[in-house]
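Right, one structure below, let's go through it.
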Amino acid sequence: MATVSAKILKHHKKTDGTFNVKICISHQRERSFIDTEFYVTEKQLKKDRSIKDQFVLTCVNKSLDAYRRAICDNDELIGRMTASDIKDFLLKRDKKIDFLDFSDQHIKLLIENEQGKSAANFKTVRNHIIDFIKRPSGLPIEQITTDFLEKFEAFLRGPRIMTRMDRLGRPYKAKGKPLGDASVHVYLRDFSGLFSAAIDFHNRPSIGLTPIKTNPFSDYAIVDAPETQKRNIDAEKILTIKNSQPRANSRCEMAKDLFMLSFYLCGINAIDLYKANYRIKNGRIEYNRSKTQDRRKDGAFISIKIPKEAVRLLSRYDGVLNQRYASIGNLNKAISIGMRELQVLTGVPEITFYWARHSFGTLARNNCRMSKDDIALALNHVDNGHKTTDIYLAKDWSIVDEVQEAVLNLLKPKNVKRNCNPPERFSILTGIVLPKII
């Protein structure tokens, strides 16, 4: 049976001569300590270092009685815990969680872990929640119910006043336009993600610690996002961008170069070019894709051949972007401005940097008739349907090379307006050359 008692640790004496009264949890020859709000001096202690001050003793005994009742009421569960687990259980069993305070802590942690995009998404929805409840803190998590979510969605769909901070940290008011299904879907999706993060952080079901009892998103149907516009262009327009001549050293030129570099390197993301955490080895670029690195057992690793078209561009921007721009957000803004200028220069409407990745995948499938599995490998996507099979298979980067070569062949003038065929493949099973797919 776990026991609790008040302890004064002699070696924890503060510079002002006081000692913090601690609750000692003893269980299975282990000890763990809980700090209290009470401090005592040597005059308030007996020779055996027990407390003789009656006021402090009465207050501490109230805490001890509450902890003993909790231990007694959960005797079977407590018996399977460590002393450290019991400490967490006693401290957090009735903890009141402020959702906005947790959101701030979680966003800060994401930023420290260089997950700036996720942090920005969560910060946006947090700001809208603050606009909705009209206060920056003080949102008990139990108040977030399906009724709360319905009212929040209605708030997003109507005109509203938003409070934001300018660059000097001064608050200002702005009018928000009613949002449609696409934006509402994104904000509620991110709201759900924040709520799930709170559950993961605070709940420990294995020791009976569930301060967050329910997840309202389990019973709330988030509106489906409308089908997005296909973000891809044909090989002829890619070639138009490639052959364009922006002003030297302009954002337009940088946007064009990075767009083509992404296309040449199987849709590499801007953040991976920005971080430059790649290795160039034997004519290949190898890196772990930042977007999914922390969510995949293989670290989202990929190895891509550097085609001759990409050599000059990769050399020009290697390790430069993170010196020129203070954050990936600043780089993305510069690329967006450059892409808008590139639209005017080339006459190719609506293109963004990310269209390079989408266009690579679409051309690989629709023009080159590559399999979806091979395209997924080239784009460094995880295949949830084949997770078990992937355990037994080594990655064959020559498959990526085949997809890349087939797509880049489309940019050759003679191939621009017609389909291409993937390279012939030698079957190790039959020993014969497999026919091309038409």
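The values are calculated or read from the model by the stated rules, or taken from the named source; none is laboratory data. Note that this is a predicted model, so its numbers are computed, not measured. In this analysis, Cβ positions are derived from the backbone assuming ideal geometry, glycine residues included, and neighbour counts consider all displayed protein chains.
Taken over segment 25-57, residues that are in contact with a Phe, Trp or Tyr (Cβ under 7 Å, 6 or more places away or on another chain) and either surrounded by fewer than 17 Cβ atoms within 10 Å (Cβ to Cβ) or of a type in the set (D, E, K, R) (or both) amount to 1. Of all residue pairs spaced 6 or more apart or on separate chains, those with beta-carbon atoms under 7 Å, a first member in segment 102-126 that is in contact (Cβ under 8 Å) with a residue 24 or more places away in the chain and a second member that is polar (S, T, N, Q) and in a helix (DSSP H, G or I) are Phe122/Ser103; Arg126/Ser103. State yes or no: is Arg189 closer than 26 Å to Tyr354 by Cβ and not assigned by TED's automatic domain parsing to the domain that holds Arg365? Taking the combined requirement at face value, the residue satisfies it.
For beta carbons closer than 9 Å, sequence separation of 6+ or different chains, a first residue in segment 170-192 that is within 19 Å of Thr146 (Cα to Cα) and a second that is among the small types (Gly, Ala, Ser) and in a helix (DSSP H, G or I), the qualifying pairs are Asp190/Ser118.
With (1) hydrophobic (A, V, I, L, M, F, W, C); (2) more than 16 Å from Ala197 (Cα to Cα); (3) buried (at least 16 other Cβ atoms within 10 Å of the Cβ) as the list, and Leu91 as the residue in question, which single condition is left unmet? Exception for Leu91: condition (3).
Evaluating Ala248 against the criteria (1) on the phi > 0 side of the Ramachandran plot; (2) surrounded by fewer than 21 Cβ atoms within 10 Å (Cβ to Cβ) leaves one unmet condition, (1).
The residues listed here are Lys92, Lys43, Lys87; of these, the one that is closer than 29 Å to Gly17 by Cβ and either out of contact with any Ser or Thr (no Cβ under 7 Å at 6 or more places or on another chain) or of a type in the set (A, V, I, L, M, F, W, C) (or both) is Lys43.
Identify the residue in segment 184-204 that is under 30 Å from Gly79 (Cα atoms) and not basic (Lys, Arg) and, among all such residues, is surrounded by the most Cβ atoms within 10 Å (Cβ to Cβ). The qualifying residue surrounded by the most Cβ atoms within 10 Å (Cβ to Cβ) is Ala198.
Of the residues making up segment 35-52, those that are more than 21 Å from Ile25 (Cβ to Cβ) and modelled with pLDDT under 90 number 1.
Out of curiosity, is Val125 assigned to a helix (DSSP H, G or I) and more than 24 Å from the chain's Cα centre (by Cα)? In short, no. Considering only residues in segment 205-228 that are of a type outside the set (Val, Ile, Thr) and without any contact (Cβ under 8 Å) to a residue 24 or more places away in the chain, the one that is surrounded by the most Cβ atoms within 10 Å (Cβ to Cβ) turns out to be Asn215.
Restricted to helices (runs of 4 or more DSSP H) entirely inside segment 8-93, those with at least 2 residues that are touching a His at 6+ places or on another chain (Cβ under 8 Å) are 83-92. A single member of Ile306, Ile280 is aliphatic (A, V, I, L, M), in contact (Cβ under 8 Å) with a residue 24 or more places away in the chain and loosely packed, with under 15 Cβ neighbours inside 10 Å, and it is Ile280.
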